[in-house]
Each structure stands twice: as C-alpha cells, then as structure tokens.
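Trainee: Attaching a single structure in structure tokens format; questions to follow.
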Amino acid sequence: MTKKIFLGMALVGLLAACTDDYKDWLTPSVVNQPETVSFGDGSVSTVGVIDFNTVTDEMVKVCSITAPTASDASFTPSYTITLGGEKTFEIGADGLMKASDLQDYVVSQFGRRPVERAIEATVSMWLGNGTTTVKTATSDIFHIVAIPKAPQISQNYYIVGGPNDWGESAKNKTLKFSHSGKDVYEDPVFTVIFNASEGDTWFAIGDDEACEAIANDNDWSKLFGTTKGNGNTDPTGNLDRRYNLSDDGSFCVPAGGKLIKVTINMMDYSYQIESLNISENYYLIGGPGEWNNSKAQKFSHSDKSVFDDPVFTYTFESTGGEMWFAFGDDEAIDAVGEGTWNKLFGTKGDSKDLSGSFDRRYNLDGDHSFCVDGSAKFYRFTVNMMTMTYEITPLNFGEFIYVPGNAQKYNTAAPGMPDWGWSPELAPALRSANFDGVYVGYAYMDGDFKFTKERNWDAEYNYNDFSSYSSVFQLGDGSNINCNEPGYYRLVADVANGSLTATKVTWGLVGPATPAGWDAGSYVVMNYNMAEDCWEITTDLKADEFKFTTNGTWDINLGGDAANLEEGAGNLRISEAGTYNIKLYPSRAQSDKMYATIVKK
C-alpha cells in the first residue's frame with residue numbers, strides 16, 4: 001500500500017514541476033484513510049481529514065506515533081515532522097503540532113481554496129541527553145490531508161436591484177463585480193461601480209447560485225445582505241446570506257451621489273460602500289509649483305462628461321531633482337487656503353510608486369504625497385477618478401514629430417519621387433518648441449495618417465496614444481488616425497496629455513505692402529499648390545512690410561526671416577515694388593523649417 005501511494009505522490013511531484021502558482025490541479029487530493037507506515041520498529045498512522053474551518057485549538061493532531069525502541073533509556077526522545085520534504089516543525093509524541101504551522105504550510109503550497117489537500121510527511125525521532133542530540137529514526141512517507149481555513153468564495157458576484165429591476169437584474173446578471181482574475185482565495189476582493197437611483201438606492205448582492213435561485217425558483221434567501229439590519233446606511237460592515245439574517249438585510253445608499261462603488265472582501269465577508277461624485281476640475285499642488293491654494297496647475301480633460309470620461313491628466317516639467325506633490329479638487333485646494341490639508345489625495349502605496357491607487361488623506365495614515373526622482377525631462381500624471389487609480393509616466397520628448405499619411409500621394413515635387421505616399425522622410429513636421437510634448441505644425445490631411453518620432457518608422461504615435469480628438473478625426477485602418485474632412489490644417493498634437501486638435505486654415509498676405517493694409521479681414525488669399533505642398537500667389541506688392549496670416553484673423557500668423565519663419569515673429573519687408581511670386585511652405589516637409597520664397601518677376 002505504501003509503495004502505491006508513494007508512486008501516486010511522485011506523479012503529483014511531476015505535475016507540480018509543470019505548473020505555476022498554486023497546485024490547484026488537485027481538487028481535491030484524495031488519499032485513502034487511514035494509512036500506517038513504518039517508523040523503525042514502531043509506526044506512524046494517519047488521522048482523518050483536518051478541516052481548519054472547524055479547528056479551534058492551538059494544537060492539532062496530525063498523526064499517531066508508536067515510537068521505535070530507544071537504544072539507551074537514559075536518552076530523552078523528541079520528535080520532528082517534515083512536510084513536503086522541505087519544512088520541518090516540532091511535533092509531540094502524541095502527534096500534535098501547532099495548527100498555525102500546518103495551516104500556513106498548506107496555504108503556501110496550495111492557496112486558500114477550502115478543499116482537501118494531501119501533504120507528504122515524515123516523522124523523525126531524536127534522542128538527547130542534555131548535551132548531545134542524535135536522530136535515530138525517520139518514518140516512511142505518509143500523508144496528512146487538510147482543508148485550509150477559508151469561507152466558500154464564488155467566482156462571480158452581482159448587484160441585484162440598485163438602478164435596475166430586482167428580478168430582471170438577478171435573471172440577467174446585469175451588474176457584475178470586477179475582479180483581478182487571480183485565484184479568488186488569493187484575491188478575494190470584488191468591486192463594482194454603478195449608477196445611483198434618483199432617490200435612495202436599495203440593492204442586495206448575489207453570486208451565480210443566488211441569482212439562479214431567484215430566476216428559477218423565486219428563492220430570494222440566498223442573496224447577501226448586511227448583518228447590520230435591513231436598510232442600514234452604514235458604508236462599512238459585514239454581509240451574510242439572507243437565510244442567516246433576521247431580515248432581508250438590503251443595503252441602502254441615501255440619495256446624493258451619482259455613482260455608487262461597492263467593494264466586498266469575501267475572505268472576511270466585509271463590505272465598503274462609497275457614494276461617488278467626480279469633480280469637474282483637479283489641480284496639482286507642489287511639484288514644480290507651490291504648496292498653496294493656487295489652481296494654476298490644472299489637469300486637462302476631454303469635453304466629455306466626467307462620468308463618461310473620468311480620466312484627468314497633467315504634464316509638468318522636471319526640476320532635475322526629487323519632486324513631491326499631491327492633487328485635489330476645488331474643495332481640497334480651497335481647504336488648503338484655510339489651513340486644512342487632509343482633503344488632498346495621496347497614494348495608498350509607496351510615495352515613489354509610478355502607479356497604484358489613491359484616496360483622500362483623511363482616509364490614509366499620513367499625507368502619502370507622490371514623489372518622482374526628476375531624472376526625466378517631463379512627467380505625465382494621469383488619474384482615473386472612477387477607479388481611484390493613477391499612473392506617472394516619465395517623458396523625454398524630442399523637438400519634432402512627423403506626419404506621414406495618405407495625403408502625401410498628392411505631392412509630386414520631390415526630386416526623383418513622383419509619389420511621396422506614406423514617407424516619413426518627406427512628411428510634414430510638427431515642432432515642440434519647449435520640448436514638452438505639445439507639437440504644433442501644418443499639414444494637408446486626407447484620410448489615414450500617423451505620427452512618427454523620427455523621419456523613419458522606428459517609433460510612432462497612433463490613434464491609441466490620444467484620448468481626445470477634434471471632430472474631423474476618427475479611428476482609421478488598424479491603429480491609424482483618419483481625417484474625414486480633407487483640407488489644410490494647423491495641428492496641435494499634445495502627446496503628453498493625449499489630445500489631438502485641428503484647425504482648418506487658408507493662408508494669405510496682410511500688411512501695407514499689400515492692398516489689404518493691416519486689415520487682417522481683407523487679407524490677400526493665397527492658393528494651395530498640392531503638388532509642391534505649399535501656398536502660392538503671384539501679386540503686385542509695394543516696397544513695405546507684410547506678414548502671412550490665416551482665415552482673415554491675427555490668431556495665426558508667420559513672420560521673421562523668410563528662410564526660417566516662426567509664429568508671431570516680426571514683419572517681413574519688400575525692398576522694391578513689383579510683381580512677386582511668393583511660395584509659403586508652412587509644413588516643414590523637408591527642412592524641419594517653415595520658410596517662404598519671394599521672387600520678383
């Protein structure tokens with residue numbers, strides 16, 4: 001019998017070598033009971049299954065020992081037990097060992113799932129006379145079968161009731177709790193966020209068994225409710241099946257919040273309920289700015305509702321050294337001005353963690369400020385106010401990004417390249433003058449395109465790198481961005497904060513060298529030369545000053561040196577009156593510069 005069991009456990013060992021994490025492929029481990037193995041001229045016998053869910057004593061009996069004959073009666077015997085051939089513990093002659101040692105070992109090997117687990121064990125006898133201790137015998141392998149202490153945890157949980165019909169929500173399992181996907185006994189925490197009702201929100205919690213009991217038998221007793229009493233509004237407490245409660249134990253969240261977040265820990269059957277209201281504005285405090293009630297460091301956000309898009313982003317420049325900061329909403333920042341700091345948000349983890357969860361300081365055991373080491377040029381701080389999570393991304397931006405795409409097929413002016421199509425080396429360039437990840441430039445757009453970080457395909461920005469867009473942009477083929485309204489645009493690609501905006505522009509001339517004078521509304525309109533990707537006009541000019549402007553306004557204008565134009569720079573000058581052919585190249589397509597050629601006819 002012993003040999004057969006040993007072979008079985010050898011197979012178990014082989015399976016263990018081929019798996020990761022916990023040995024949950026034994027569900028359960030089955031070993032015939034009882035089992036007796038030799039122990040010198042004595043023996044060791046197993047006991048029944050040890051269920052730690054019913055064990056209350058400090059010590060637990062794991063075997064019965066018939067001791068081998070001692071070679072010297074003057075020596076005192078003692079015993080140890082070795083589990084899995086690796087961990088050794090003290091054991092009494094009566095077969096008792098510390099219950100916590102066995103429970104911890106079972107959990108470390110198999111996890112907390114409450115099913116029978118078989119553990120290889122051997123018992124050794126030691127003889128000692130006070131100065132010398134000698135091991136005199138070791139038993140053959142036997143098996144301890146134990147069930148870890150843990151409640152029954154289901155794979156899925158659901159909100160029943162809440163903003164939905166009770167019966168339908170149980171039948172359709174509409175509001176499901178989210179989970180990490182780990183073994184539920186290693187991560188017993190489940191979370192759900194759902195819309196509150198217009199008034200008070202009433203709900204219960206069910207697993208698959210409870211929901212199916214309602215749908216099939218109209219049996220509501222298997223739902224989970226609060227142990228504090230039906231309708232209790234306490235946001236924390238314990239839950240249990242309704243059949244163990246004196247009433248139905250329904251949860252109640254008073255009116256006021258727009259969203260409700262419920263977190264349950266099914267290892268200890270506890271719950272936490274939060275009524276969520278996401279603010280319209282959030283601000284960084286500290287970091288490159290001051291620790292005061294200034295709201296200068298405001299997070300960016302899309303134009304969607306904060307409940308449809310709960311993600312806020314702020315990108316800030318490094319000081320080159322450690323930077324400590326927190327963030328808050330209007331209420332928190334205003335409170336700082338009154339000397340109250342505990343309404344700010346801080347990290348739940350280590351201050352230097354680049355991602356994790358956060359909470360109000362008054363729920364934390366200290367200020368828990370965030371910290372970065374300053375080694376990057378910039379940092380992007382992103383917070384999700386729905387999940388209360390954050391991510392800090394170190395950023396090192398280059399000066400330019402480039403816009404290869406479908407529209408390049410119209411350009412034919414490059415020597416030896418009749419079709420520029422999807423060519424980064426000839427694509428329009430956007431410039432980040434402050435190296436802060438906000439790139440500005442001009443390009444003709446029609447259909448799909450991307451951004452590249454160099455004039456090659458080594459690294460790209462595509463649709464997935466942005467979270468807010470002007471209305472002319474949408475997802476194209478694969479991860480491309482698509483412009484659904486062809487035209488010439490001023491582009492602002494804020495890759496630090498994930499924003500892409502576009503303004504359609506028409507270029508022209510303004511200034512006393514032109515008939516328009518300085519009346520931008522009367523600017524002399526230029527024509528787009530698609531083949532050369534430039535704006536062109538042949539017109540009479542006076543000997544005087546002019547600038548390039550767009551759309552009949554001063555909002556966007558170019559000036560300075562014709563060989564290296566810049567937005568908002570000084571006036572250009574015509575030295576001699578006459579007829580001129582002027583070509584404006586705002587797209588930086590080949591030189592990384594915006595420039596103009598001005599040729600007198």
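Trainee: Mind giving me the FRET efficiency for SER351 and LYS171? R0 is 56 Å, r the Cβ-Cβ distance, nearest 0.05 is fine. Before the final figure, lay out the partial values.
Mentor: Numbers: r = 47 Å, r/R0 = 0.84.
Efficiency, from the Cβ-Cβ distance: 0.75.
Trainee: Where only protein heavy atoms count, and the probe is 1.4 Å, what is the accessible area per residue for the chain in Å²?
Mentor: Values: 27570 Å² over 601 residues.
With the other protein chains kept in place, the chain gives 46 Å² per residue.
Trainee: Which lysines, if any, have their Cα less than 30 Å from the Cα of LYS343, not counting same-chain residues under 8 positions apart?
Mentor: Here the lysines satisfying the reach criterion relative to LYS343 are LYS228, LYS258, LYS261, LYS295, LYS298, LYS304, LYS352, LYS377.
Trainee: Show me the three semi-axes of the equivalent ellipsoid for the range 232-371, from the C-alpha gyration tensor (sqrt of 5 times each eigenvalue), largest first, rounded to whole Å.
Mentor: Working: eigenvalues 236, 60, 40 Å².
Computed over the range 232-371, the values are 34, 17, 14 Å.
Trainee: Would you calculate a helix-derived [θ] at 222 nm for the chain, using -39,500 (n - 2.57) for each DSSP H run of n ≥ 4 and dividing by the full residue count, to the nearest 500?
Mentor: Working: 5 runs with 53 residues, N = 601.
Mean residue ellipticity at 222 nm (helix-derived): -2500 deg cm²/dmol.
Trainee: For the range 467-472, what does the Karplus curve 6.51 cos²θ - 1.76 cosθ + 1.60, with θ = phi - 60°, yield as ³J(HN,Hα) per residue in whole Hz, taken in order and with x for Gly and Pro?
Mentor: Residue by residue, the range 467-472 yields 10, 9, 9, 5, 5, 7 Hz.
Trainee: Given H placed on each backbone N at 1.01 Å, which residues far from ASP200 in sequence or on other chains put an amide H within less than 5 Å of it?
Mentor: ALA255
Trainee: Still on this structure, I have one more. Which FRET efficiency value, to the nearest 0.05, do you get for GLU454 and ASN484 by plugging their Cβ-Cβ distance into 1/(1 + (r/R0)^6) with R0 = 25 Å?
Mentor: Numbers: r = 28 Å, r/R0 = 1.11.
Once the sixth-power term is evaluated, E becomes 0.35.
Trainee: Now for a different question. Be a star and scan the range 294-320 for residues whose amide nitrogen sits under 14 Å from the point 7 Å along the Cα-to-Cβ vector of ASN434.
Mentor: Answer for the range 294-320: 296-300, 314-319.
Trainee: Give the long-range amide H neighbours of TYR282: residues separated by 5 or more places, or on another chain, with amide H under 5 Å away, using H modelled in the peptide plane at 1.01 Å from N.
Mentor: PHE299
Trainee: Would you list, by chain and number, the lysines whose Cα falls below 23 Å from the Cα of LYS593, excluding same-chain residues fewer than 8 positions away?
Mentor: LYS409, LYS450, LYS453, LYS504, LYS547, LYS583
Trainee: How do 390-396, 405-411 rank on mean C-beta neighbours within 10 Å, highest first? Walk me through the numbers on the way to the answer.
Mentor: On the way: 390-396: 16.7, 405-411: 21.7.
Those peptides, ordered most packed to least, come out 405-411, 390-396.
Trainee: Over the range 37-196, what is the relative contact order in whole percent, taking alpha-carbon pairs under 8 Å and six or more residues apart? Don't skip to the answer; put the middle values down first.
Mentor: Working: 306 pairs, mean separation 37.1, N = 160.
Worked out over the range 37-196, it gives 23 percent.
Trainee: Can you compute 3J(HN,Hα) from phi for each residue in the range 592-599, using the Karplus curve 6.51 cos²θ - 1.76 cosθ + 1.60 with θ = phi - 60°, rounded to whole Hz and x for Gly and Pro?
Mentor: 6, 10, 8, 8, 9, 10, 10, 10
Trainee: Going by the alpha-carbon gyration tensor, a ≥ b ≥ c the square roots of its eigenvalues, is the chain rounded (a/c under 1.5) or, if a/c is not under 1.5, prolate (a/b greater than b/c) versus oblate? All intermediate terms of the calculation are to be shown ahead of the outcome.
Mentor: Values: a/c = 3.02, a/b = 2.33, b/c = 1.30.
Prolate, since a/c reaches 1.5 and a/b exceeds b/c.
Trainee: A follow-up question, please. Quick one: which residues, 5+ away or cross-chain, put their amide H under 5 Å from the amide H of VAL525? H built at 1.01 Å from N.
Mentor: LEU509
Trainee: Got the relative contact order for the range 455-601 handy, in percent, Cα pairs under 8 Å and 6 or more residues apart? Walk me through the intermediate numbers first.
Mentor: On the way: 299 pairs, mean separation 23.1, N = 147.
Rounded, it is 16 percent for the range 455-601.
Trainee: Which order do the peptides 377-387, 300-310 take when ranked by the mean count of other beta-carbon atoms within 10 Å per residue, highest first?
Mentor: Details: 377-387: 19.4, 300-310: 14.7.
In decreasing order of mean packing, 377-387, 300-310 become 377-387, 300-310.
Trainee: For the range 111-243, rounded, prolate or oblate, judged on the Cα gyration tensor with a ≥ b ≥ c (square roots of eigenvalues), a/c < 1.5 rounded, else prolate if a/b > b/c? Don't skip to the end; give the middle numbers.
Mentor: Working: a/c = 3.73, a/b = 2.99, b/c = 1.25.
Cα axes put the range 111-243 in the prolate bin.
Trainee: Using a 1.4 Å probe on the protein chains only, how many percent of the accessible area of the chain belongs to carbon and sulfur? If you can, show how the numbers build up before the last one.
Mentor: Working: 12680 of 27570 Å².
That fraction is 46 percent.
Trainee: Turning to a different aspect of this structure: Local charge sum around ASN230 (other residues, Cβ-Cβ under 11 Å, Lys/Arg +1, Asp/Glu -1)? Let's see the in-between values first.
Mentor: Details: positive: LYS228, ARG242; negative: ASP247, ASP248.
For residues surrounding ASN230, the net value is 0.
Trainee: Which ³J(HN,Hα) values in Hz, rounded to whole numbers, follow from the phi angles of the range 381-394 under the Karplus curve 6.51 cos²θ - 1.76 cosθ + 1.60, where θ = phi - 60° and Gly and Pro get x?
Mentor: The phi angles translate into 10, 10, 10, 10, 7, 7, 8, 6, 10, 9, 9, 10, 10, x Hz.
Trainee: With labels modelled as points extended 7 Å from the Cα through the Cβ direction, what inter-label distance (nm, one decimal) is found for THR138 paired with THR80?
Mentor: 1.0
Trainee: Work out how much length GLU532 to THR131 would gain on full extension: take 0.36 nm times their residue separation and subtract the Cα-Cα distance, in nm to one decimal. Numbers along the way, then the final one.
Mentor: On the way: separation 401, 0.36 × 401 = 144.36 nm, distance 9.79 nm.
Answer, rounded to one decimal: 134.6 nm.
Trainee: Using the Cα gyration tensor of the range 401-512, with a ≥ b ≥ c the square roots of its eigenvalues, what is the shape: rounded (a/c below 1.5), prolate (a/b larger than b/c) or oblate (neither)?
Mentor: Numbers: a/c = 1.33, a/b = 1.07, b/c = 1.24.
Rounded shape, in that the Cα axes give a/c under 1.5.
Trainee: Oh, and also: Quick check: net charge around LYS87, other residues with Cβ under 13 Å of its Cβ, Lys/Arg +1 and Asp/Glu -1? Mind showing how you got there, number by number?
Mentor: Details: positive: LYS98; negative: GLU86, GLU90, ASP101, ASP104, GLU120.
Net charge in that neighbourhood comes out at -4.
Trainee: Got the relative contact order for the chain handy, in percent, Cα pairs under 8 Å and 6 or more residues apart?
Mentor: Numbers: 1416 pairs, mean separation 37.0, N = 601.
Answer for the chain is 6 percent.
The values are calculated or read from the model by the stated rules, or taken from the named source; none is laboratory data. All values reported here derive from a predicted model rather than from experimental measurement. Every residue, glycine among them, receives a Cβ derived from its backbone with ideal geometry; neighbour counts consider all protein chains shown. Remember, those area values only see protein heavy atoms, side chains included, never the ligands or the DNA or RNA. Shrake-Rupley method; radii C 1.70, N 1.55, O 1.52, S 1.80 Å.
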